[in-house]
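The structure under discussion appears below in the form of structure tokens.
No lab work stands behind these numbers, since they all come straight from the coordinates. Computed from a predicted model, the values in this text were never measured in an experiment. Cβ coordinates were reconstructed from backbone atoms using ideal geometry, including for glycine residues, and neighbour counts include every protein chain displayed.
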Amino acid sequence: MTAQSSASAPLPPARASSGVAKLVVPSVIGALVALTLGIYGRLHHPTGIAINIAGFSSPGYVKSWLATGATVFALVQVGSALVMYGKVPRVTAPPWIGGLHRWSGRIAFLLAVPVAIHCLYALGFQDYSTRVLIHSLLGCAFFGAFTVKMLILPKRGLPGWVLPLAGALVFILLIAIWLTSAYWFFSTFGIKR
Amino acid sequence: MKRNTPLITLLTGAALGIVLLIASMLATPSNAPAGYSATVPSTPSATSAPASTPPAAPSSAAESPSAPSPSAPSPSASTAYAGAPAQADYAGKVSGGGASVAVAVHGSQVIAYVCNGSTVEAWLKGTVKAGRVVMTGKNHAQLSADSAVDSAVTMMAGDVTAHGTHYSFSVPMAQKPSGLYEATATVRGATIKAGWIVLADGTQVGSLETDAGSAAPSAIQAPRLDVATGTAEYDGTILHATLISGATGSGF
């Protein structure tokens, strides 16, 4: 693994136009991922139960805490990205900032996966309230957006705004998902284990 | 990048997801797609952790495919959402197990009751259209849910709010004696209304409104209902409970 301490620098303008074309295939794949999750969630009959994790008082709490963990790591993502791009005044990017960004992202993603599986399997794609509909839609979109981000990272020749935009989109989606689920859950049932 | 590590991250997540999905499928024998017989054990096999939520749901769902209620339509093998049977009863614990909910559908009319066996409870009335149930009750109680038939198991899933408390639920169809019972009486000048939800495993949960005529009734734990006789005793008075069943039209 190359020691990449900052995201790829903006490329000379002459290659920018073909750079965007490289986004097409990842975007299509991301869209297919989002669609597949949504269609599965809609067609699969929700069972109301799925595997549980010991130590929590209910699956709702398991998911809310895991989702909150993912969101905390997502905040680390944004913070480290800002430092990497030199956007934080008076803070220079230390050599480990890239590693922090990558690993916090991996952890956030891997925490989100069990939550999403439980959600899709036990509850399904639901639309009986606005909150639930938004959550279902954005939940699918998040994994599509994350797929896109992972697929475009190794690409050379992308315009400089692409990675920050992809990262911002993933972040905004996760925050909105967290607000329509864990945040609502803790507000309704209280913050406890 | 020498190695495509983002792709590795993505594939690791996908692999984790598939493993969890398979583990979840193994943990829900009675709701598995057609091909599993209805005689699979009713306790979900725990994987690496204790068994999960509404224990009443899988055990009663295991019973319903083998003895469908006479008024239910023949089970559909489709896994897509389909409308609920026109007369049906659903009962089970809410997600997290903190309360129980029972919904009785009779044509386009629906009666529901949610209770946690003490102060959180509400009676709701509403309508059903194309499988979507929308109901309201006293003191801002609300319920909205959808029903669907999948491989001989009919479930009703949605949200209910009662006494300021919000629950999500996904409960299977119920058959007598599992179901919803109600008793109203005047005891020492006060109108009381009790509701009991009897689950398929025989357990019951019930609350009793001590001032049922009020706009925001307060409730206590109901006395135990003797399901065989349909009676319970409260404050020296015998309460006679009626079954509220959409399948038979009782209570509508």
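Electrostatic bookkeeping for B:THR231 treats Lys and Arg as +1 and Asp and Glu as -1; over the other residues with beta carbon under 15 Å from its beta carbon, the sum is -3.
I'd like the FRET efficiency for B:THR186 and A:ASP127, computed as 1/(1 + (r/R0)^6) with the beta carbon distance as r and R0 of 56 Å, rounded to 0.05. Intermediate values should be presented prior to the final figure.
Values: r = 43 Å, r/R0 = 0.78.
Efficiency, from the Cβ-Cβ distance: 0.80.
With both labels modelled 7 Å from their Cα along Cα-to-Cβ, the B:GLN221 to B:ASP201 distance reads 1.8 nm.
As a proxy for reagent exposure, A:SER104, B:SER218 were ordered by neighbouring Cβ count within 10 angstrom, fewest first; the result is B:SER218, A:SER104. The relative contact order of region B:161-252 comes to 22 percent, based on Cα pairs under 8 Å that sit 6 or more residues apart. Each of B:MET155, B:MET25 has some number of other Cβ atoms within 10 Å of its Cβ, and from fewest to most they run B:MET25, B:MET155. Among B:TRP196, A:TRP65, A:TRP103, A:TRP96, a tally of other beta-carbon atoms within 10 Å of each Cβ gives an order, fewest to most, of A:TRP96, A:TRP103, A:TRP65, B:TRP196. If R0 is taken as 30 Å, the Cβ-Cβ distance between A:VAL76 and A:ALA31 corresponds to a FRET efficiency of 0.65. Under the simplified labelling scheme, the B:ALA86-B:LEU16 pair shows an inter-label distance of 5.0 nm, with each label point 7 Å from Cα along Cα→Cβ.
In this label model, B:LEU7 and B:LYS138 are separated by 6.5 nm, measuring between points 7 Å along each Cα→Cβ vector.
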